[in-house]
1. Would you say residue 149 is crowded, with 21+ Cβ neighbours inside 10 Å, within 22 Å of residue 64 (Cα to Cα) and out of contact with any helix residue (DSSP H, G or I) (no Cβ under 8 Å at 6 or more places or on another chain)?
2. Filter the stretch 103-128 down to the residues that are under 19 Å from residue 201 (Cα atoms) and in contact (Cβ under 8 Å) with a residue 60 or more places away in the chain, then identify the one that is surrounded by the fewest Cβ atoms within 10 Å (Cβ to Cβ).
3. Examine the stretch 48-57 for a residue that is at pLDDT 55 or above, part of a loop (DSSP other than H, G, I, E, B) and in contact with a strand residue (DSSP E or B) (Cβ under 6 Å, 6 or more places away or on another chain), and state whether such a residue exists.
4. Would you mind telling me which numbered condition in (1) surrounded by 18 or more Cβ atoms within 10 Å (Cβ to Cβ); (2) at pLDDT 90 or above residue 92 fails?
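The values are calculated or read from the model by the stated rules, or taken from the named source; none is laboratory data. This one's a predicted model, so the numbers in the text were calculated from it and none came from an experiment. Cβ: placed from backbone, ideal geometry, glycine included. Neighbour counts: every protein chain shown.
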């Protein structure tokens, strides 16, 4: 027996209501999924990206890390009385130059080793100044043997700087033994330096400025640093006196037992 007109009307109304409810549910579900897929990619990256290690990087190293197509020579000079004092010409002129191939440094710039500064690496004739990790100090010299730490060298206000977050306070220092004239690169506190080794600085000159055995003014101008070394150390937190990196645990953070690099120039 067929349904009456009234029964058919009731069934049709029920079906219409059910269809409307199903459509609303589907729309809500799609809207929810749509909100997930529309999450900005930057938010996802920021929540999963690894935090970069602290310490110097190529983006925050002060000064000039590349001097293309020019050679430089290095000059041993006394340290400045105050890092905030303005540099003078005499600060960057000394009577001893660096010969990175032997322990005796010449008094004439004609005997100085020509260096190249490229992408934060200091080299001479294809050999680099580099160092193993956890070393207290080493003679200033290049070697054909590659070592793990070879960056980052920079010229800041006319002086050579070597930055690395594994060094004490983030930067290597230089010291010279007066009795022998030997120049060392030191990577930890001064109490660990060689006996009788007094701190000095290393000035940078263009090789073309060496004329008649002396550095002459008026040549090409060497680019100066974009920021002072002191300012860089303050900015990176490496100038607080607490130390940085793992060399000898200068910052109280443990680390490997420090060693001393080979003293023979044949074993650099």
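1. Working: crowded, with 21+ Cβ neighbours inside 10 Å: no; within 22 Å of residue 64 (Cα to Cα): yes; out of contact with any helix residue (DSSP H, G or I) (no Cβ under 8 Å at 6 or more places or on another chain): yes.
No.
2. 104
3. From the stretch 48-57, those at pLDDT 55 or above are none; that's our starting set.
Checking the stretch 48-57: not a single residue is at pLDDT 55 or above, part of a loop (DSSP other than H, G, I, E, B) and in contact with a strand residue (DSSP E or B) (Cβ under 6 Å, 6 or more places away or on another chain).
4. Unmet condition: (2).
So that you can scan it fast, the table gives a plain yes or no per residue for (1) without any contact (Cβ under 8 Å) to a residue 24 or more places away in the chain; (2) surrounded by 19 or more Cβ atoms within 10 Å (Cβ to Cβ); (3) over 21 Å from the mean Cα position of the chain (by Cα); (4) over 22 Å from residue 60 (Cα atoms):
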| position | (1), (2), (3), (4) |
| --- | --- |
| 130 | yes, yes, no, no |
| 163 | no, yes, no, no |
| 170 | no, yes, no, no |
| 176 | no, yes, yes, yes |
